[in-house]
Amino acid sequence: MLLHLGLLVVVANAVLHGEGERRFFCPDFSRRFLRALPYAFCYYLCFDQAWGLLGRGVQWLAGPLFDMNVYPLWAASYHLAAMPLLHLLVRFGFTLAGAAVGDRVSFRRSWALSRPVAGTLFLTALLWWAARRLPMDIPHTAAPMSPVTEFYARWLHLPVQCGVSVLGWAVGAAWYVRLRGAASVVDGDRPA
């Protein structure tokens, strides 16, 4: 997760400055990294950990209706529980993207920035979520794992998941830069 965060700061800085930026690390990398660290831990605990607990709750509620020993039903309940948290991540995620580009963004400001495009952001996050989870979940639906699936699970899944995660946060940083620019134009047009 710390590697994800470090790469997020680097990628967000590149998104902010465009292709003209030649440095790999921004001059205030450590300050941005440390500013983003509490948000990253918050999102990890609230999203990844709470998602698992909610998934268990959905499984417990659906247990009397379905045979939860069947993996596809178990996986569906597990992923269904992620949807409300994914929505909250989309709406409050600009606090982390803002910290990565050197801005201070409150949860209220993040909610306001994401309001005009909340549906599009949610669909973008849903694609990120599917790309992050489904490559490993689909092969587990087959009872015997093939050698190719086993090789992917042992050696490729973690690097692929890390790459998709960093790409997702880079897209989030690009959304933040775009919405921040649109909000500053609107704020600048308001009478004082």
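Some notes on this structure:
- Evaluating 6.51 cos²θ - 1.76 cosθ + 1.60 at θ = phi - 60° for every residue in segment 51-57, the Karplus couplings come out as 4, x, 5, 5, x, 5, x Hz, glycine and proline recorded as x.
- Whole-number accessible area per residue in Å² for segment 76-137, which is evaluated in the context of all protein chains at 1.4 Å: 45 Å²
- By a 1.4 Å probe calculation restricted to protein chains, Val160 has an accessible surface near 60 Å², given to the nearest 10.
- Leu80-Arg31 FRET efficiency (beta carbon distance; Förster radius 35 Å; 0.05 resolution): 0.35
- Note on Ala131 and Ser184: their simple-model spin labels are 2.7 nm apart, each label 7 Å out from Cα toward Cβ.
The values are calculated or read from the model by the stated rules, or taken from the named source; none is laboratory data. Since this is a predicted model, take the numbers as computed values, not measurements. Glycine gets a Cβ as well: all are built from the backbone with ideal geometry, and neighbour counts include every protein chain shown. Note: areas computed on protein heavy atoms with side chains; ligands, DNA, RNA excluded. Shrake-Rupley method; radii C 1.70, N 1.55, O 1.52, S 1.80 Å.
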